[in-house]
Number of protein chains: 2
Amino acid sequence: MSPADRSSANGRFTFFCRIMRNLLIVTGVSVLASFAVAQGQPQLNLMPMPASVQAGTGQLAISQSFSVANTGFHDTSLDEEVQRFVTQLSRQTGIPFRPKAGAGATLQIHADHGRQAVQTLGEDESYELTVADSGAKLTAPTTLGAERGLQTFLQLVQITPAGFAATAVTIKDQPRFPWRGLLIDVSRHFIPIDVMKRNIDGMAAVKMNVLHWHLSDDQGFRVESKKFPKLTGMGSDGMFYTQAEIRDFISYARDRGIRVMPEFDMPGHSRSWFLGYPELSSGTAPYTLEGGGIDPIIDPTRESTYKFLEKFIAEMAKLFPDPYFHIGGDEVDGKQWDANPKIQEFIKAHGMKNNQDLQAYFNQRLEKIVAKNHKTMVGWDEILHPDLPKTIVVQSWRGQKSLAESAKQGYRGLLSYGYYLDLMWPAARHYAVDPMADAAVTLTPEQNSLILGGESCQWAEWVTPENIDSHIWPRNAVIAERLWSPQEVKDVASMYRRMNAMSYELEWLGLTHNSARTEMLQRMAGNSDVEALRVLADVVEPVKDYDRWSDQKGPIDFHAPLTRMIDAVSPESDTALEFSDLVQKFVQNGLQDQAVEAQIRGYLTTWRDNDSRLHPLLEQSSLLQEDVPLSQNLSALGAAGLQALDYLDKGQTAPDAWKAQQITVIDQAKGRQADMLLMVVAPVQQLVQASAGQGQRN
Amino acid sequence: MSPADRSSANGRFTFFCRIMRNLLIVTGVSVLASFAVAQGQPQLNLMPMPASVQAGTGQLAISQSFSVANTGFHDTSLDEEVQRFVTQLSRQTGIPFRPKAGAGATLQIHADHGRQAVQTLGEDESYELTVADSGAKLTAPTTLGAERGLQTFLQLVQITPAGFAATAVTIKDQPRFPWRGLLIDVSRHFIPIDVMKRNIDGMAAVKMNVLHWHLSDDQGFRVESKKFPKLTGMGSDGMFYTQAEIRDFISYARDRGIRVMPEFDMPGHSRSWFLGYPELSSGTAPYTLEGGGIDPIIDPTRESTYKFLEKFIAEMAKLFPDPYFHIGGDEVDGKQWDANPKIQEFIKAHGMKNNQDLQAYFNQRLEKIVAKNHKTMVGWDEILHPDLPKTIVVQSWRGQKSLAESAKQGYRGLLSYGYYLDLMWPAARHYAVDPMADAAVTLTPEQNSLILGGESCQWAEWVTPENIDSHIWPRNAVIAERLWSPQEVKDVASMYRRMNAMSYELEWLGLTHNSARTEMLQRMAGNSDVEALRVLADVVEPVKDYDRWSDQKGPIDFHAPLTRMIDAVSPESDTALEFSDLVQKFVQNGLQDQAVEAQIRGYLTTWRDNDSRLHPLLEQSSLLQEDVPLSQNLSALGAAGLQALDYLDKGQTAPDAWKAQQITVIDQAKGRQADMLLMVVAPVQQLVQASAGQGQRN
């Protein structure tokens, strides 16, 4: 589903989002108390938070003699799982383990059964993990549950004054929802298998269990079809997955407890099909991947279309063992149907009212083909139609209301509204979205059980293999928590603390969400010192929702470099959050806390002085010239904030003229620059207002 | 060759090395002037500096339409070479290239011939590269030369205000020495193939052409032998290269113009052989990899030894196609020979005087076996003996005198003295070592021609796959320049500027010398913010030479984690160098330059305030507790420096009592802490002395 033209469907994200987030933090019910471990224990950085956590006493030392024993069900898959776990633990701790022969194992694993050859929806993922100072025990009904438990164990291991250790604890855990997915669009920008694999590793670390692979769209068809080789031969830029690569990838994901569901978007979002097979379309060739003009869509009125799909879906159903098969179905732009007299005739002849009815007819035909191949059809909101069997699954990008509507009609559903990672929302905003909230609260328990979970979505208009990790992580971890952990787990401050810890853990897995940022800044800076550039990059965020599209003239060139600062910076600025928190604290404590003021001054001074250091660098790089005003605005904000503090320190009320000047500075800094927003404007504004008498020292 | 017990052989590196380096920078003859491009042109960050560089006018834009055409000799190897080059250029610039069909190629390559199947010593590596604003042309007698030229082209591409571009220039280039190697010891710590490969990429980037693979030593035998499987089966910890991996690796290196010469160290440094084959040793089993007691060595008196070596060398000679075969021969500890009556009898019976004669006998026998397998024998200094044929090559760890001695006797030689990367010397010190300097200046031209070049050496007592890159790079680039570039290229300031640029380039290749440091600091810090930790890490260096060994009691555990701060920090602190330069400038300009003083104060303030931020972190991590005094000392230095500046600012001479106090602080900070040195002591001492009247404002 392309996000274009849908910005109004999503709540606009305002300039004051940081303040909203702070309010969330302040008002968030601290239900974690019920999961909290005893005082004096190290904080647990678990994400997703397990269903039940009981504090133990002491800690289990992790030393060179660390070892694992398997006392239950045993197969190659579990052996490899344990080996991966040990390798990862060794990487995190830097300890090359050398288990002492004959000694009792540090960690005992007992699984009752193996996992199924093809992972099923609802396959048992539960586990129990007990860590004591003498050893740890992990039990699970299946080796899939053991995999989940091993990920939890990795998160328990921390450096302590006495060496690496796992905190003593008893955990009983199972997921809240059986379907916890991440969609990755590989059509707009191709994402190579190695990048896909490291994201699978990240998903496993946060206990997600479905990779929804958006494999075809207008801009590229990414799967080799042996029956229809022109799908990739003409419908891609040469970048696609071979069937061998796909089989290997599915096996890789299966080993980590992750299903791979393919999506072939039909009848819209399908331009790439028509380069090789124009006869499938509702209009006339030639088509190009670049597009332009009206969106071509599949012609559902010709029997030849279904003959093609019979063969194609049979081939793909065999390639992808998952029982679910996603046919897209979103955003069908009916202009080609309207313009085609034969299609309009067909609509009339079959007593249909409109294009929606025609799409429903197409979906019914499609569903039969999918079912014949022993798969369950999944599609976006738009496929919902009473003529379709109740076995299908509806994925909602529209919201909980749409999801509840499906459930009331007896259809199973998935929520993706609120989980669009490409909208550049802060983690807290995603975290607040619950599949069972809003409209869903009116459902009966039976209807509730039809809500299978949800999926975060990484649409790929603005990502490359280089920066995709930083668009997905670490924010995806909080969506994973929303879908795994009990509904009551929603303390925002705790979430941020744990997400930040998780972010480091994810880098140890090989994800590059932080390291690639450094490299990209170095590229912009022409391989020179990036310290001053980082000061700027650390306090900006990309514009939100679909605002980046507003500057776009004509079709996007999906082969253009994505190497601007907006492409490198984090969707959410840690520094701005920290600064904002400091200012909140300072204002709330009556503008008196000198230690906090010193910290605030530290930031403001760095920002004020940064432009003079950074400006020469910005001027000499074509990739940075557009950021000159941004850097100047940051400098001006730093100066304004410092002057405000000076007035406060002297006990003076800042004069009106000065305040008016600062408001001009602030208004200018609020504006979008180079498709980015300065995220420290609001707290500086607070300081200015406080110094002008809208807040006084006690 | 183990570095143990050799610390006295190398000049001690003093606490004041930073000052020495500054003197080098100040006094270094700026011969680069003859290579400099016209004023107003961007600086060229080439390393190694080509033999001849002529500035052109303008620059060649590197855009999406960048393309390469081959107008000369053509084979798969060259195609792959060009593909790698384009991929690398795309990574550096972030531009996904889409050449315009039919347009004239941006870069034309013309090679006269292909390269030889097995790379020979002296194979033509020359090339000419002309870059103009309209296009670039690379010509070379061989595709090997073209490979060298493509690496130069990559270094010419920089970000400019008008986008990425290659500076217009005409380069004629060829190496000064035909043998430019890097030794990597994989016995003490096993280095996996992927890490070896990225180091090959780094070598190719700086035009090195020999990987000297130190494959066996006391601590581990790392090559699969099908004839003698116990060599790795019992003589390693299970980590070794299969023959298939080795063949693949050699082919990888060959593609990048790098020979792979194996070394099997004999008759000393060979404990690992004896676990599986104790009958080869001069003493009695059992042996363990951990060692202890006297060093076991090969028994050269038994015919069975030579039967073993006949078979073994025949197998290895086939596996490694390079014409040179290194037999080690260094540091033979004769205690086992002394203690074995049969060996002593043999010595007498053959009219030998001592153990040295016995080793010479062994080497003669060995040389015949090596020669029978069509290989040329290479060994360390100790093998030099008039009974050996003049075809052998002597590698000198002892110095230019030893090298010159070999040449006078008609032997070819390689210099490694001065190029030991594991000694933690600053780049400038390695850079100053020239194979033709000192004793070599007395040689005749003919004798001079026997000096083939040199090799840097990365002995692996203190490296792991995680930190080996940071021990090799970027310093290895300056040794590469010493061996490739004209002897007159020796300006130290230029070298540092270009080495720093090269360091970024090397990270784009996948080397991890910078990124791994960040990860290691994060591990120590328990996955929390490392900013304050980095402030400390940035101003320390590991102790020099073999000083780290002095704390070692008993045999080293080569499986212990190497995760302390000393294992993460750079061998050379950029920050300390920059600070030291600032203080020099400040003092030399009569203590008046306010802008420089402000920069100095910036550093000092950060250091003074850092301990209070860092201390809690240090206390909570077992890996950081040893660094508490280091952090306190840095803080104290910061305070001392600031007070000194305060006296200077006020025009006062600091009182004697204050000065005495500061000298105590400085003396304490000079000391080794946690096997590291604080590298900013000397410049702070300069400030203190200046404030106490040993330097006054004009």
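Throughout, read-outs are computed from the coordinates displayed, never taken from laboratory work. Since this is a predicted model, take the numbers as computed values, not measurements. Cβ sites come from the backbone with ideal geometry, for glycine too, and all protein chains shown count toward neighbours.
Its Cα centre serving as origin, chain A has a Cβ charge dipole (Lys and Arg +1, Asp and Glu -1) of approximately 940 debye. Projecting label points 7 angstrom from Cα along Cα→Cβ for A:Ala103 and A:Lys353 puts them 7.4 nm apart. Normalised by 2.2 N^0.38 Å, where N counts its residues, the alpha-carbon radius of gyration of the range A:607-670 equals 1.32. Which FRET efficiency value, to the nearest 0.05, do you get for A:Ala493 and A:Glu310 by plugging their Cβ-Cβ distance into 1/(1 + (r/R0)^6) with R0 = 51 Å? About 0.40, to the nearest 0.05. Over all Cα atoms in the range B:385-456, the spread is summed up by Rg and Dmax: 12.3, 39 Å. Stretching B:His110 away from B:Arg91 to a fully extended chain increases their span by 4.4 nm, per 0.36 nm per residue minus the current alpha-carbon distance.
Projected onto the charge dipole of the range A:460-533 (+1 at Lys/Arg Cβ, -1 at Asp/Glu Cβ, origin at the Cα centre), which of A:Ser470, A:Val492, A:Leu506 gives the Cα projection farthest towards the positive end? Most positive-ward Cα: A:Val492. Along the axis of the charge dipole computed for the protein assembly as shown (Cβ charges of +1 for Lys and Arg, -1 for Asp and Glu, origin at the Cα centre), the listed residues B:Leu182, A:Ala576, B:Leu423 are led at the positive end by B:Leu182. Estimated from helical segments only, the mean residue ellipticity of chain A at 222 nm is -12500 deg cm²/dmol, where each DSSP H run of four or more residues counts as -39500 (n - 2.57).
For chain A, the residue among A:Ala136, A:Cys457, A:Leu44 whose Cα projects farthest onto the positive side of the dipole built from Cβ charges is A:Ala136. If I model a spin label as a point 7 Å beyond the Cα along the Cα-Cβ vector, how far apart are those points for B:Lys335 and B:Thr242 in nm? Those two pseudo-labels are separated by 4.0 nm. For the range B:340-462, the orientation-averaged shadow of the C-alpha convex hull comes to 9.8 nm² (one quarter of the hull surface). If the label point is 7 Å along Cα→Cβ of B:Ser251, which residues in the range B:314-340 have backbone nitrogen under 15 Å from it? Taking a point 7 Å out along Cα→Cβ of B:Ser251, the residues of the range B:314-340 whose backbone N falls under 15 Å are B:319-321. Taking the inverse of the mean reciprocal distance over all distinct Cα pairs, the Kirkwood hydrodynamic radius of the range A:491-645 comes to 17.5 Å. For the range A:523-571, taking Cα atoms only, Rg and Dmax work out to 13.0, 37 Å respectively. Run down the aspartates and glutamates and flag those whose C-alpha is under 20 Å from the C-alpha of B:Lys100, throwing out any fewer than 8 positions away in its chain. Excluding near neighbours in sequence, the set is A:Asp237, A:Glu290, A:Asp557, B:Asp79, B:Asp133.
Which residues does the label zone of B:Gln43 cover in the range B:566-610, counting backbone N under 19 Å from a point 7 Å along Cα→Cβ? What the label zone holds, given the 19 Å backbone N cut-off, is B:573-586, B:596.
Of all aspartates and glutamates in the structure, the ones whose alpha carbon falls short of 13 Å from that of A:Lys401, not counting any fewer than 8 places away in one chain, are A:Asp381, A:Asp434, A:Asp438.
Using the crude model of +1 on Lys and Arg Cβ and -1 on Asp and Glu Cβ, and no other charge, please compute the dipole size for the protein assembly as shown relative to its Cα centre, in debye to 20. List each step's numbers first, then the result.
Details: 132 positive and 166 negative charges, 137 e Å.
Its charge dipole is roughly 660 debye.
Counting only lysines at least 8 places from A:Lys172 when in the same chain, those with an alpha carbon closer than 16 Å to its own are A:Lys137, A:Lys207. Scaling the Cα radius of gyration of chain B by the globular reference 2.2 N^0.38 Å produces a ratio of 1.02. Calculated over the range B:151-225, the projected area of the Cα convex hull averaged across directions stands at 7.6 nm². With a Förster radius of 22 Å applied to the C-beta separation of B:Gln661 and B:Thr605, the computed FRET efficiency comes to 0.65. Working note: Debye formula, equal point scatterers on the alpha-carbon atoms of the range B:177-286, no solvent; log10 I(q)/I(0) at q = 0.09, 0.19, 0.20 Å⁻¹ is -0.25, -0.92, -0.99.
Sorted fewest first by neighbouring Cβ atoms within 10 angstrom, A:Glu455, B:Glu382 come out as B:Glu382, A:Glu455. Using the Cβ-Cβ distance between B:Asp557 and A:Gln83 with R0 set to 25 Å, the FRET efficiency from 1/(1 + (r/R0)^6) comes to roughly 0.60. Dipole magnitude for the range B:296-421: computed about the Cα centre from +1 point charges on Lys and Arg Cβ and -1 point charges on Asp and Glu Cβ, it is near 340 debye. In plain terms, the residue of B:Met352, A:Met495 with the fewest other Cβ atoms within 10 Å comes first and the most crowded comes last, giving B:Met352, A:Met495. Distances between every pair of Cα atoms in the protein assembly as shown, grouped in 10 Å steps from 0 to the bin holding the largest one, split as 1, 8, 14, 19, 20, 18, 12, 6, 2, 1, 0, 0 percent. Length, then width, then depth: along the principal axes, the Cα atoms of the range B:551-625 run 53, 28, 17 Å.
In this structure, the residue pairs whose Cα-Cα separation is over 21 Å, taken from A:Lys307/A:Lys368; B:Lys226/B:Lys318; A:Lys318/A:Lys375; B:Lys650/B:Lys670; B:Lys230/B:Lys318; B:Lys226/B:Lys307, are B:Lys650/B:Lys670.
Remark: spin-label model distance B:Thr444-B:Gln625 equals 6.7 nm, labels positioned 7 Å along the Cα→Cβ axis. Relative to its residue count, the range B:555-698 spans a Cα convex hull of 116 Å³ per residue. Listed from fewest to most Cβ neighbours within 10 Å, the set A:Val684, B:Val628 follows the order B:Val628, A:Val684.
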